[in-house]
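Below is one structure, written out as C-alpha cells, with a few remarks after it.
The values are calculated or read from the model by the stated rules, or taken from the named source; none is laboratory data. As the structure is a prediction and not an experimental result, all values here were calculated from the model. Cβ sites come from the backbone with ideal geometry, for glycine too, and all protein chains shown count toward neighbours. Areas reflect the complete protein model, heavy atoms only, side chains present, ligands, DNA and RNA absent. Shrake-Rupley method; radii C 1.70, N 1.55, O 1.52, S 1.80 Å.
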Amino acid sequence: YCSSCVGVEEHHAVDIDLYHCPNCAILHGPSLMKKRRNWHRHDYTELDDGSKPVQAGTRTFVKQLRARSFPSADEVILKMHGSQLTQRYLEKHGFDVPIMVPKLDGLGLRLPPPTFSVLDVERYVGGDKVIDVIDVARQADSKMKLHNYIKYFTNPDRPKVLNVISLEFSDTKMSELVEVPDIARKLSWVENYWPDDSVFPKPFVQKYCLMGVQDSYTDFHIDFGGTSVWYHVLWGEKIFYLIKPTDENLALYESWSSSVTQSEVYFGDKVDKCYKCLVKQGHTLFVPTGWIHAVLTSQDCMAFGGNFLHNLNIGMQLRCYEMEKRLKTPDLFKFPFFEAICWFVAKNLLETLKELREDGFQPPSYLVQGVKALLTALKLWMKKELVTEHAFEIPDNIRPGHLIKELSKVIRSVEEENNKLVKTQGILGVCPTSRSSHETTSSHHSRRRVRKLRDHATKTPSNLDILELHTREVLKRLEMSPWEEASVNSKLNGRFNKPFQPSSTVPEWRTKDNDLRLLLSNGRIIRDERRPFTDRSLYTADSDDEDDRTRSKKMTVKVEEQPSGCEGEGNADAQKPLN
C-alpha cells in the first residue's frame, strides 16, 4: 500500500486490526486497532502468560538493561587529545581499541553548534526526504518522511520509540556544516583510493546524522564491511556496550546472529566481558574494526558519525565482510561496492609496495599482513566456481589475474628480504628502515618521472661521495692486520689523488674549494695540502663575526706549521692515533 494514499504511516499500519477507509469511517467509525497484551514481546498482542522471554528493544528490556551492571570501558579504551590522534600514532601503535576524545580541539572535526535542533535538520535536508526509521520496541525498520519524523520528535506525547541512525546527508546542504575528523579522512579508502572516473557510484558513508528519543536501542552489531566508525554527541547522551572482536567472540556473534532466538538472548551475557561506555555531549568516540557493540540512547540525543575502511585492519575488515555473506545480510545493510573498492585498493597498494622497495624502505608489517589478507580474498573471489558471483564488482580498468600475479610477486620479494634481514640483524645490529604510509600517498606518477630522470642522469662524485668511499676503506682497515696496511695506503693515495668534477647540486661557492686538502687513514695524516682561506665569500652567515674568522685562520696556520710531527718520525706519542 502507499502510506500517502491511505493516510497511514508505515509504522502505524502494523497496529491496525481492521482498516476503515475514509468513506467507510463515516458509517462504521475509525479503523480498529490491535490490543496490547504485553510489554516485553515484539508482538504486543501475544498473551502475557510469563512463558516467553523478554525481547530486545521492548520497554521491559530497556528497563532491565538500565538496571544491569557492567565493567567500565575505562579498562580498555584510550582517552586522548584530538591533536594526539594522528595517522603516525595509529600506524605505530595500531587501531585495536576504542578511542575517546573528550573535546573537539585538534580533531579537525567541524560541526554545527549544540543549539542545532531537529528542526534545523529538516531545514537543511528537506522535509520530503524519505528516511529509514526503526521502531525500537519491534526492532523493525520502516520508511517515513523526514518532516513527519521531526513532527513526532518535537511532540512530547510519543506513543512509540522511533530511532533514526542511517540518515546519510553528504548530498544535502547540511553537508557543508560538517567536516569529518582529520584522521577519518586521511585513513579512508574511499577518500584515498576511489577513482573519480569509476563506473560504480562513489559510496557515501562518511556523514550520518543520528536522531534518537530516550530509550532508543540498537542491538549488538558489527558495522558494515568491518568499517571503523566515529561518533560525536552534539547534545544528549548515548551509552555504548562494547565487546572485543576476539576469535571466540566473533564465532559466538556469528552463531547468535544466525539464531532464530537472537532477540530473546542478550549477547552481552554470552561473552567474557561487555564494557559500558558513556558518551556525553561534546565527546567523540572512535570504534575500531570488528568491535561488537550495542547502543542505548539514555536521553533525547542528536549525534553525528561516519564509517571508513582503512589499511590498518585489512584482514579484520575482510573477515567481517565474509561473515556478512555467510549470514546473508541484505545488500541494503552492507558497505556499497565493497569488493570493487578492494580491487582499487589492491592496485594502489601494489604501487605503494613497489615504490617503498625501490626507495630502499621496508613496508610496515601491518601493511604487509593486510595486503596478504587482501590477496587471499581476491584469489578466492576469482576461483572458477565463484567468479560469476563476484565478476560484477571487478572494475573495467583492472586485470584481475595480472594484479594478483604482481601482488604475489611483490609480497614474496618483501618476505624474502625480511627473512634475510632477520638472519643478518644479529651480526650487523641494524634494524630495517620503514616509512609510514602517509609519506607514500603522493602521486606515484610524478615519483616515477623523478626516478627516470634520476636514473638517466650522469652522476658526478661530490665531496660526500668521496667521504663515503674513504669511510668504507677505513672500516676495512679496522679489520686488517698491520702487515696489510702499507699496500692499502698506496691504493688510498692513488684513489683520492684523482681529480673529481664537483656535483651540479653543490652551491657555486662550494665549487671554489672542492678538492680534499686533508686525508687521514687509521688516525694518521697521509696527505695534507691545507691552506688558510683567503676568499671572504667562503665564510657562511654563521661565522660573520670577525673574531671567529681570525681565530679560524690562526688555527689553520698552526696546524700547517707542524705536519711532520703527525707523521711519527720516531716520536712515541705521535705514533698514537689522533683522537
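If we scan the stretch 113-120, do we find a residue that is open to solvent by 30 Å² or more (accessible area, probe 1.4 Å) and small (Gly, Ala, Ser)? Lay out the reasoning, then the answer.
Pass one, the stretch 113-120, residues open to solvent by 30 Å² or more (accessible area, probe 1.4 Å): 113-115, 117, 119-120.
Now drop any that are not small (Gly, Ala, Ser), which leaves 117.
Taking every residue of the stretch 113-120 in turn, at least one turns out to be open to solvent by 30 Å² or more (accessible area, probe 1.4 Å) and small (Gly, Ala, Ser).
Can you pull out the residues in the stretch 69-112 that are part of a strand (DSSP E or B) and either open to solvent by 40 Å² or more (accessible area, probe 1.4 Å) or in contact with a Ser or Thr (Cβ under 8 Å, 6 or more places away or on another chain) (or both)? Give the steps one after another, and end with the answer.
In the first step, residues of the stretch 69-112 are kept if they are part of a strand (DSSP E or B); the result is 72, 78-79, 99-101, 110.
Passing the criteria: Ser72, Leu78, Lys79, Met100, Val101, Arg110.
Only residues that are open to solvent by less than 10 Å² (accessible area, probe 1.4 Å) and of a type in the set (Ser, Thr, Tyr): list them for the stretch 297-324, please.
Residue satisfying the conditions is Thr297 alone.
Which pairs do you get when a residue that is without any contact (Cβ under 8 Å) to a residue 12 or more places away in the chain and more than 19 Å from Leu332 (Cα to Cα), found in the stretch 136-155, comes within reach of a residue that is surrounded by fewer than 19 Cβ atoms within 10 Å (Cβ to Cβ) and of a type in the set (Lys, Arg), reach meaning Cβ atoms under 9 angstrom, with the pair 6+ apart or on two chains?
Matching pairs, first to second residue: Tyr152/Arg158; Tyr152/Lys160.
Within the bounds of the stretch 239-254, is there any residue that is at pLDDT 95 or above, touching an Asp or Glu at 6+ places or on another chain (Cβ under 6 Å) and more than 25 Å from Gly108 (Cα to Cα)? Break it down into steps so the answer makes sense when it comes.
Applying the first criterion (at pLDDT 95 or above) to the stretch 239-254 yields 239-254.
Among the residues that remain, those that are also touching an Asp or Glu at 6+ places or on another chain (Cβ under 6 Å) are: none.
No, because not a single residue in the stretch 239-254 is at pLDDT 95 or above, touching an Asp or Glu at 6+ places or on another chain (Cβ under 6 Å) and more than 25 Å from Gly108 (Cα to Cα).
Scanning the stretch 374-384 for residues that are closer than 19 Å to Met323 by Cα and open to solvent by 50 Å² or more (accessible area, probe 1.4 Å), which turns out farthest from the chain's Cα centre (by Cα)?
At the first step, the residues of the stretch 374-384 found to be closer than 19 Å to Met323 by Cα are 374-383.
If we keep only those that are open to solvent by 50 Å² or more (accessible area, probe 1.4 Å) as well, we get 376, 379-380, 382-383.
On the way: Thr376: 21, Lys379: 24, Leu380: 25, Met382: 27, Lys383: 30 Å.
Taking the candidates together, the pick is Lys383.
When you go through (1) within 20 Å of Leu278 (Cβ to Cβ); (2) within 24 Å of the chain's Cα centre (by Cα); (3) in a loop (DSSP other than H, G, I, E, B) one by one for Val205, which number turns out not to apply?
(1) is the only condition that Val205 fails.
Open to solvent by 20 Å² or more (accessible area, probe 1.4 Å) and farther than 28 Å from His232 by Cβ: does that describe Lys354?
So Lys354 passes the test.
Could you grab me the full set of residues in the stretch 366-391 that are farther than 18 Å from Glu406 by Cα and in contact (Cβ under 8 Å) with a residue 24 or more places away in the chain?
Filtering the stretch 366-391 for residues farther than 18 Å from Glu406 by Cα gives 366, 384-391.
Residues satisfying the conditions are Tyr366, His390.
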